[in-house]
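The values are calculated or read from the model by the stated rules, or taken from the named source; none is laboratory data. Just so you know, these numbers come straight off a predicted model, no measurement behind them. Glycine gets a Cβ as well: all are built from the backbone with ideal geometry, and neighbour counts include every protein chain shown.
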Amino acid sequence: MRRSCLFVSVMLLLPLLGPARADKISKETINSQGRQRTFYLFVPGSIKPPAPLLITLHGSGRNGLSLVEKWKNLAAKEGLILAGPDALDSQVWNTPEDGPDFLRDLAEELKAKYPVDPRRVYLFGHSAGAVFALGISMFESRYFAAAAVHAGAWRDPQEFALTQFARRKIPLAIVVGDSDAFFPVAAVKATKGHNHNYYDSAGQINQVLWNFMKKCALAGEPAYEQYQFQGKR
C-alpha cells in the first residue's frame, strides 16, 4: 500500500555487516537504499531464541554508539539485541533518508543473521532521536511492537498530524524531565527535578522503559507500510 505524506526533518545527531562478537559492541555497515550506512551492534551471549531487538536513535551531536553503550548492561542481562544506527547527517534525523525504509532494512538484515523475534522489534530514541522515533512509530505502527523515548515530544501541528498514519494503537512510553528546557512540561512527577540529560541517569531510565516495552508484542506477523514521500531528496 503506497500513500503520500509530507517531508519531515528532525534536528538531532551520529558506520559494513559482519557477525558481532558476543558481549562486544561492534561497528557494522549495511547497504540500504543505495547507501552504505553505519550502525553499532551488540548481541549478548545470553540471547535465547527468539530474542527481542531494540533499535536506538541517538541525539544531536552524537552517534549510534552513544546509546548502545548505555543499554549494553541491561541488554546483556535481558538477552536483548541492540542496534544503534548513525543518522545520515550527524546533526539531524531526516525522513525519508533515515527511515522508515532504512530502519526496516536494518531490522530485516538482523533478522536474517540472528534469532530475532519479528513480533518484538522496538524503538528507543533520545532528544531528536526521540522525536524521530515517535514519527517512525506512527508510520510503521504494525511493524514495530512499541516505542519508548526520553527527552522528546511533538511540539507543532505538523508533527501531531503524523498520528493519521498509525494503523495500530502502538504502545508508547515517554519520559521527559520537568526541568527540561527543550521539551518543557507543566509537571512530570515521575521525573521531578530531571532535565534534558539522559546519560547520567541512563541505567534507571532504560530499566523503566524496558519494563514497559518488553511486555509489548505484535499480535500477528509484522506488516510494513510503504510510502512515497513528497520532497524526497
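Results, tabulated for the structure shown:
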read-out: Qualifying residue in the range 88-97 (condition: in contact with a helix residue (DSSP H, G or I) (Cβ under 7 Å, 6 or more places away or on another chain) and among the small types (Gly, Ala, Ser)); value: no
read-out: Contacts under 9 angstrom Cβ, first residue in the range 98-116 being β-branched (Val, Ile, Thr), partner in a helix (DSSP H, G or I), 6 or more apart; value: VAL116/ALA107; VAL116/LEU110
read-out: The range 42-92 - residue that is closer than 18 Å to LEU123 by Cβ and among the hydroxyl-bearing types (Ser, Thr, Tyr) and, of those, surrounded by the most Cβ atoms within 10 Å (Cβ to Cβ); value: THR56
read-out: Top-ranked residue of the range 146-173 - restricted to ones that are charged (D, E, K, R) and out of contact with any Ser or Thr (no Cβ under 7 Å at 6 or more places or on another chain), ranked as modelled with the highest pLDDT; value: LYS169
read-out: Residue in the range 68-82 that is under 18 Å from ALA148 (Cα atoms) and part of a strand (DSSP E or B) present; value: yes
read-out: Segments classed as strands (runs of 3 or more DSSP E), wholly inside the range 89-169, with at least 2 members that are touching a Phe, Trp or Tyr at 6+ places or on another chain (Cβ under 7 Å) and of a type outside the set (S, T, N, Q); value: 116-126, 146-150
read-out: Test: residue in the range 20-35 that is small (Gly, Ala, Ser), at pLDDT 95 or above, out of contact with any Asp or Glu (no Cβ under 9 Å at 6 or more places or on another chain) and part of a strand (DSSP E or B); value: yes
read-out: From the options PHE39, PHE102, residue that is among the aromatic types (Phe, Trp, Tyr), modelled with pLDDT of 95 or more, crowded, with 20+ Cβ neighbours inside 10 Å and out of contact with any Asp or Glu (no Cβ under 8 Å at 6 or more places or on another chain); value: PHE102
read-out: Conditions (1) over 22 Å from PHE229 (Cα atoms); (2) of a type in the set (Phe, Trp, Tyr); (3) crowded, with 23+ Cβ neighbours inside 10 Å; number of the one not met by TYR114; value: (3)
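Here's the yes/no breakdown for (1) under 12 Å from the mean Cα position of the chain (by Cα); (2) over 23 Å from ARG168 (Cα atoms):
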residue	(1), (2)
GLY34	no, yes
ARG62	no, yes
LYS72	no, yes
TRP93	yes, yes
ASP101	no, no
ASP105	no, no
